[in-house]
1. What helices (runs of 4 or more DSSP H) lie completely within the stretch 82-138 and have 3 or more residues being modelled with pLDDT of 90 or more?
2. Got a number for residues in the stretch 150-178 being at pLDDT 80 or above, touching a Cys at 6+ places or on another chain (Cβ under 9 Å) and assigned to a helix (DSSP H, G or I)?
3. If H52 meets every condition in (1) surrounded by 15 or more Cβ atoms within 10 Å (Cβ to Cβ); (2) closer than 17 Å to R128 by Cβ apart from one, which number is that one?
4. From the residues in the stretch 20-38 that are at pLDDT 95 or above and loosely packed, with under 15 Cβ neighbours inside 10 Å, which one is farthest from Q67 (Cα to Cα)?
5. Return the residue satisfying two criteria in turn: it lies in the stretch 20-50 and is touching a residue at least 60 places away in the same chain (Cβ under 8 Å) and part of a strand (DSSP E or B), and of such residues it is farthest from I84 (Cα to Cα).
6. Within the stretch 1-19, how many residues turn out to be crowded, with 21+ Cβ neighbours inside 10 Å, of a type outside the set (A, V, I, L, M, F, W, C) and more than 13 Å from A86 (Cβ to Cβ)?
7. Report, ordered by the first and then the second residue, all pairs with beta carbons closer than 8 Å, sequence separation of six or more or different chains, a first member in the stretch 68-89 that is within 18 Å of T54 (Cβ to Cβ), and a second member that is of a type in the set (D, E).
8. Of all residues in the stretch 51-68 being at pLDDT 95 or above and in a loop (DSSP other than H, G, I, E, B), which is farthest from A155 (Cα to Cα)?
Amino acid sequence: MPKIADIETTPNPNAVKFVLREPLTWGVTHSYENAEQAQDDALARALFAIPHVTNVFYVDRWLTVTQDGAVEWEDLAREVAVPIRAAPAAADQSAAAVFAAREAFDHLSAADQQRLDDINLMLDQQIRPYLQSDGGDLHVLSLVGNQLVVHYQGACGTCPSSISGTLQSIENQLRMLEPDLEVIAA
(Lines give C-alpha, C1' and ligand atoms only; values in the text may rest on other atoms or scores of the structure.)
Protein backbone atom coordinates (compact mmCIF):
# COMPACT_ATOMS: atom_id res chain seq x y z
CA MET A 1 0.00 0.00 0.00
CA PRO A 2 1.53 3.30 -1.12
CA LYS A 3 2.31 5.84 1.54
CA ILE A 4 1.98 9.51 0.70
CA ALA A 5 5.35 11.27 0.94
CA ASP A 6 4.16 14.75 0.01
CA ILE A 7 1.22 16.72 -1.37
CA GLU A 8 2.15 19.45 -3.84
CA THR A 9 0.19 22.24 -5.46
CA THR A 10 0.31 22.56 -9.24
CA PRO A 11 -0.04 25.54 -11.59
CA ASN A 12 -3.64 24.39 -12.03
CA PRO A 13 -5.44 25.59 -8.87
CA ASN A 14 -7.95 22.74 -9.18
CA ALA A 15 -5.29 20.00 -9.24
CA VAL A 16 -3.06 18.59 -6.51
CA LYS A 17 -0.17 16.14 -6.93
CA PHE A 18 0.34 13.34 -4.40
CA VAL A 19 3.94 12.10 -4.29
CA LEU A 20 4.15 8.48 -3.11
CA ARG A 21 6.84 6.42 -1.40
CA GLU A 22 6.01 3.29 -3.47
CA PRO A 23 5.10 3.18 -7.17
CA LEU A 24 1.54 2.56 -8.33
CA THR A 25 2.71 1.50 -11.81
CA TRP A 26 5.86 0.67 -13.72
CA GLY A 27 5.84 3.35 -16.41
CA VAL A 28 2.24 2.90 -17.53
CA THR A 29 0.14 6.05 -17.22
CA HIS A 30 -3.47 5.90 -16.14
CA SER A 31 -5.51 8.95 -17.11
CA TYR A 32 -9.27 9.30 -16.61
CA GLU A 33 -11.39 12.32 -17.39
CA ASN A 34 -14.58 10.91 -15.85
CA ALA A 35 -15.95 8.06 -13.75
CA GLU A 36 -17.13 6.10 -16.79
CA GLN A 37 -13.58 5.85 -18.15
CA ALA A 38 -12.38 4.62 -14.74
CA GLN A 39 -14.73 1.64 -14.38
CA ASP A 40 -11.95 -0.95 -14.84
CA ASP A 41 -9.49 0.76 -12.46
CA ALA A 42 -10.25 0.21 -8.77
CA LEU A 43 -8.17 3.17 -7.55
CA ALA A 44 -9.58 5.66 -10.05
CA ARG A 45 -13.12 4.36 -9.49
CA ALA A 46 -12.72 4.91 -5.73
CA LEU A 47 -11.41 8.44 -6.30
CA PHE A 48 -14.26 9.36 -8.64
CA ALA A 49 -16.71 8.14 -5.96
CA ILE A 50 -15.57 11.12 -3.87
CA PRO A 51 -17.70 14.20 -4.62
CA HIS A 52 -16.00 16.96 -6.64
CA VAL A 53 -13.24 14.76 -8.19
CA THR A 54 -13.22 15.42 -11.94
CA ASN A 55 -9.94 13.92 -13.20
CA VAL A 56 -7.47 11.26 -12.05
CA PHE A 57 -4.00 10.74 -13.46
CA TYR A 58 -1.23 8.55 -12.11
CA VAL A 59 2.05 6.96 -13.07
CA ASP A 60 4.87 5.43 -11.05
CA ARG A 61 5.28 7.34 -7.76
CA TRP A 62 2.76 10.13 -8.15
CA LEU A 63 -0.91 10.75 -8.64
CA THR A 64 -2.73 13.94 -9.60
CA VAL A 65 -6.35 14.58 -8.68
CA THR A 66 -8.34 17.42 -10.20
CA GLN A 67 -11.51 18.77 -8.63
CA ASP A 68 -14.33 21.02 -9.79
CA GLY A 69 -13.23 23.98 -7.63
CA ALA A 70 -16.23 23.80 -5.31
CA VAL A 71 -14.35 22.63 -2.19
CA GLU A 72 -11.16 23.48 -0.33
CA TRP A 73 -8.21 21.21 -1.00
CA GLU A 74 -7.50 20.85 2.71
CA ASP A 75 -10.80 18.99 3.15
CA LEU A 76 -10.73 17.07 -0.13
CA ALA A 77 -7.12 15.89 0.29
CA ARG A 78 -8.05 14.01 3.47
CA GLU A 79 -10.80 12.12 1.62
CA VAL A 80 -8.64 11.41 -1.43
CA ALA A 81 -5.79 10.07 0.72
CA VAL A 82 -7.88 7.09 1.90
CA PRO A 83 -8.17 5.21 -1.44
CA ILE A 84 -4.60 6.18 -2.39
CA ARG A 85 -3.26 4.54 0.75
CA ALA A 86 -5.45 1.46 0.13
CA ALA A 87 -4.26 0.95 -3.46
CA PRO A 88 -1.91 -1.94 -4.26
CA ALA A 89 1.69 -1.01 -5.02
CA ALA A 90 3.15 -1.65 -8.47
CA ALA A 91 4.86 -4.83 -7.34
CA ASP A 92 1.41 -6.43 -7.55
CA GLN A 93 0.71 -5.07 -11.05
CA SER A 94 0.59 -7.41 -14.02
CA ALA A 95 3.32 -7.08 -16.64
CA ALA A 96 0.59 -7.48 -19.28
CA ALA A 97 -0.47 -3.85 -18.82
CA VAL A 98 3.06 -2.64 -19.54
CA PHE A 99 3.30 -4.81 -22.67
CA ALA A 100 -0.11 -3.68 -23.97
CA ALA A 101 0.81 -0.01 -23.60
CA ARG A 102 3.93 -0.50 -25.71
CA GLU A 103 2.03 -2.15 -28.59
CA ALA A 104 0.04 1.00 -29.42
CA PHE A 105 2.39 2.05 -32.25
CA ASP A 106 3.24 -1.34 -33.80
CA HIS A 107 1.68 -0.29 -37.12
CA LEU A 108 4.30 2.41 -37.88
CA SER A 109 6.89 1.98 -40.61
CA ALA A 110 10.51 1.68 -39.49
CA ALA A 111 11.17 5.29 -40.54
CA ASP A 112 8.11 6.63 -38.68
CA GLN A 113 8.97 4.51 -35.63
CA GLN A 114 12.42 6.14 -35.59
CA ARG A 115 10.82 9.58 -35.88
CA LEU A 116 8.49 8.74 -32.98
CA ASP A 117 11.41 7.42 -30.91
CA ASP A 118 13.33 10.67 -31.53
CA ILE A 119 10.26 12.75 -30.63
CA ASN A 120 9.67 10.75 -27.44
CA LEU A 121 13.32 11.08 -26.47
CA MET A 122 13.12 14.85 -26.76
CA LEU A 123 9.80 14.88 -24.88
CA ASP A 124 11.30 12.66 -22.16
CA GLN A 125 14.36 14.87 -21.77
CA GLN A 126 13.01 18.38 -22.26
CA ILE A 127 9.23 18.48 -21.81
CA ARG A 128 7.81 15.68 -19.65
CA PRO A 129 9.97 16.36 -16.56
CA TYR A 130 8.49 19.86 -16.32
CA LEU A 131 4.93 18.69 -16.91
CA GLN A 132 5.36 15.84 -14.41
CA SER A 133 6.78 18.16 -11.77
CA ASP A 134 3.53 20.08 -12.06
CA GLY A 135 1.36 16.96 -11.72
CA GLY A 136 0.69 16.32 -15.39
CA ASP A 137 2.09 14.68 -18.45
CA LEU A 138 1.77 14.40 -22.20
CA HIS A 139 0.77 11.27 -24.11
CA VAL A 140 1.42 10.89 -27.83
CA LEU A 141 -1.76 9.67 -29.53
CA SER A 142 -0.57 9.51 -33.11
CA LEU A 143 2.04 10.48 -35.63
CA VAL A 144 0.69 10.77 -39.16
CA GLY A 145 2.76 12.59 -41.75
CA ASN A 146 3.79 15.90 -40.20
CA GLN A 147 1.07 15.90 -37.54
CA LEU A 148 1.78 14.78 -33.99
CA VAL A 149 -1.35 14.48 -31.89
CA VAL A 150 -0.83 14.70 -28.13
CA HIS A 151 -3.10 14.54 -25.13
CA TYR A 152 -2.42 16.40 -21.90
CA GLN A 153 -2.93 14.38 -18.74
CA GLY A 154 -3.42 15.13 -15.07
CA ALA A 155 -3.12 18.74 -13.96
CA CYS A 156 -2.09 19.77 -17.48
CA GLY A 157 -5.34 18.45 -18.95
CA THR A 158 -7.43 21.23 -17.48
CA CYS A 159 -4.80 23.94 -17.07
CA PRO A 160 -5.46 27.01 -19.25
CA SER A 161 -1.76 27.52 -20.04
CA SER A 162 -1.31 24.00 -21.44
CA ILE A 163 -3.34 24.65 -24.57
CA SER A 164 -1.75 28.02 -25.29
CA GLY A 165 1.82 28.65 -24.14
CA THR A 166 2.86 25.10 -23.29
CA LEU A 167 1.66 23.65 -26.59
CA GLN A 168 3.52 26.35 -28.53
CA SER A 169 6.67 25.69 -26.52
CA ILE A 170 6.44 21.95 -27.18
CA GLU A 171 5.96 22.53 -30.89
CA ASN A 172 8.95 24.91 -30.97
CA GLN A 173 11.17 22.33 -29.25
CA LEU A 174 10.07 19.51 -31.55
CA ARG A 175 10.61 21.65 -34.64
CA MET A 176 14.32 21.47 -33.88
CA LEU A 177 14.00 17.82 -34.91
CA GLU A 178 11.44 18.28 -37.66
CA PRO A 179 10.91 21.84 -38.91
CA ASP A 180 7.53 21.06 -40.51
CA LEU A 181 6.03 19.18 -37.54
CA GLU A 182 2.63 20.39 -36.35
CA VAL A 183 1.64 19.51 -32.78
CA ILE A 184 -2.07 19.22 -32.07
CA ALA A 185 -3.63 18.80 -28.63
CA ALA A 186 -6.60 16.44 -28.49
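1. By residue number, 110-122.
2. 1
3. (2)
4. E36
5. The selected residue is S31.
6. Total meeting the criteria: 2.
7. Nothing qualifies.
8. Result: P51.
The values are calculated or read from the model by the stated rules, or taken from the named source; none is laboratory data. Keep in mind the model is a prediction, meaning the values are calculated, not measured. Because the Cβ atoms are built from the backbone with ideal geometry, glycine has one as well, and the counts that use them run over all protein chains shown.
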